[in-house]
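Student: Sharing a structure below in structure tokens format, with a few things to ask.
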Amino acid sequence: MIGPAALAPLPNHEEPLIRRVMPELDSMRGVAILWVFLYHALFVVGDIAAPGPILKSLFVLSRSGWLGVDLFFVLSGFLITGILLDSAQRPAGAYFKNFYARRALRILPLYYLGLIFFSVVLWGRGKVSLGFVSLSLVYLSNLAIVLGYAAAPALQVLWSLSVEEHFYLAWPMLVRAFRRWHLVALLVAVALLEPAVRALGVAVWGVSQTHLSVATWFRLDGLVMGAALALAVRAPSMTRRRFSRIGTGSILVAALIFGAGLPFGILSRKVPLGAALQYSCASLLFAGLLALVVCAGSGRFSRWVQIRPLMAAGRISYCMYLVHVFIIQSFDRAVLTMGSHPGTFLHLPLLSVAVRLLLLLLVTILTSELSFRFYERPFLERKRFFT
């Protein structure tokens, strides 16, 4: 556990790197969910004619929105590993009971509400299969996608929650069983093996792009790099300067690998090099950014990384992630029913896209805020019984 001395304020308005409350991490969650939202919100309007420089810039940004999921993975690996490390000295019963109970209270109520609601609504439209729903009930929606079970995009977003849940189930046992240096060795091994496995998947096994994108065994990079960062920041010899150097070094290495891979197809996951290194570079980049954000959040530059609108979005990011695709597609379906295109329904592309984005974002935020206050919070308050 983190002792009082470790949490005491430091000179020059600096706090410890690891604190009970780290608002800057909510800011990063906010960035991640807004990035993912932009990706899905603009995907359908990317083919409108002559969008102009503003819309072109938005489309370029939105096309990289899939990276928001990798940022979520890095954050999850960092936070979950930190929780486990800080409670590793407790008796085994309390260690496992508290962790799994708190995770269940955070994740399961909203997950199953969303799964049931979307399945009922989409079933009537023929947009979901029994196989997908059945596997999703046990957090195997990513396997359902790999196996080809039909599901609307509103349900397909569950794949990343399945990946995280698999990590949550296995990782606590490993943290409990191994010493920290053994954990470091394991994480390094996985981080090095993942690119090789993906390259083999494309070059030898002929796996599909969908399989490569959603299968747990191909998507561990972000989780293990976040976990490695949690171990590093808790090392007895770690200082703010060293941790910031880890962050800077990670970003530079990611940039160098990406730059060196440009002539060899790193931008395409259809070729072995791109399949191997895209996710690794993204995860390494985000791990580096996370290290720098933690340093800034605990120091004199905290206001630059503790941004209230992003923190607010980060607080409700779980529900935003679950509902945003359903809201987007429901709106676009209504517009198409009226005989218009979602990207030009106001007859001016820029105005149409701006109004559409604002409406979709407001509805998503309002839905998520109501869910957090009146549905999720009662479950979250019960977490105090498992501390």
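Only the coordinates and a few stated rules stand behind these numbers; no lab work does. Computed from a predicted model, the values in this text were never measured in an experiment. Methodologically, a virtual Cβ is constructed for each residue, glycine included, from the backbone with ideal geometry; neighbour enumeration extends over all protein chains shown.
Student: Rounded to the nearest 10 degrees, what's the angle between the helix 240-261 long axis and the longest principal axis of the chain, both from Cα atoms, 0 to 90?
Tutor: 40
Student: Using a Gaussian network model of the chain with C-alpha springs under 10 Å, which one of L277, L115, L169 is most mobile by mean-square fluctuation?
Tutor: Result: L169 has the largest fluctuation of those listed.
Student: Treat the count of other C-beta atoms within 10 Å as a stand-in for reagent exposure and order F286, F385, F96 from fewest to most.
Tutor: Numbers: F286 31, F385 10, F96 15.
Listing F286, F385, F96 from fewest to most nearby Cβ atoms yields F385, F96, F286.
Student: Of S280, S244, S119, whose Cα points farthest to the positive end of the dipole of segment 4-385 (charges on the beta-carbon: +1 Lys, Arg; -1 Asp, Glu; origin at the Cα centre)?
Tutor: Going by the charge dipole, the pick is S244.
Student: Could I get the Rg over Rh figure for the chain? Both from C-alpha atoms, Rh via Kirkwood, rounded to two places. Walk me through the numbers before you get to the answer.
Tutor: Working: Rg = 21.3 Å, Rh = 22.2 Å.
With Rg and the Kirkwood Rh in hand, the quotient comes to 0.96.
Student: Among V190, A260, H211, which residue has its Cα positioned farthest towards the positive end of the charge dipole of the chain, with +1 placed on the Cβ of Lys and Arg, -1 on the Cβ of Asp and Glu, and the dipole taken about the Cα centre?
Tutor: It is V190, whose Cα lies furthest towards the positive end.
Student: Helix-only mean residue ellipticity at 222 nm, the chain, DSSP H runs n ≥ 4 weighted -39,500 (n - 2.57), per residue, nearest 500. What is it?
Tutor: Details: 19 runs with 278 residues, N = 387.
Estimated from H runs of four or more residues: -23500 deg cm²/dmol.
Student: Here is a follow-up. Would you mind counting up the charge near T210? Only other residues with Cβ under 14 Å from its Cβ, with Lys and Arg at +1 and Asp and Glu at -1. Working shown, then result.
Tutor: On the way: positive: R198, R219, R269, K270; negative: none.
Net of charged neighbours comes to +4.
Student: On full extension of the chain, what length is gained from T210 through I54, given 0.36 nm per residue of separation minus the C-alpha to C-alpha distance?
Tutor: On the way: separation 156, 0.36 × 156 = 56.16 nm, distance 3.07 nm.
Computed gain between T210 and I54 is 53.1 nm.
Student: I'd like the orientation of helix 52-63 relative to the chain: the angle between its Cα long axis and the longest Cα principal axis, in ° from 0 to 90, rounded to 10.
Tutor: That helix lies at roughly 50 degrees to the long axis.
Student: While we're on this one: Nearest 10 degrees, 0 to 90: what angle lies between the long axis of helix 221-233 and the longest principal axis of the chain (Cα atoms)?
Tutor: For helix 221-233, the angle is close to 30 degrees.
Student: Distance in nm between label sites at A101 and T239, each 7 Å beyond Cα in the beta-carbon direction?
Tutor: Once both label points are built, they end up 4.2 nm from each other.
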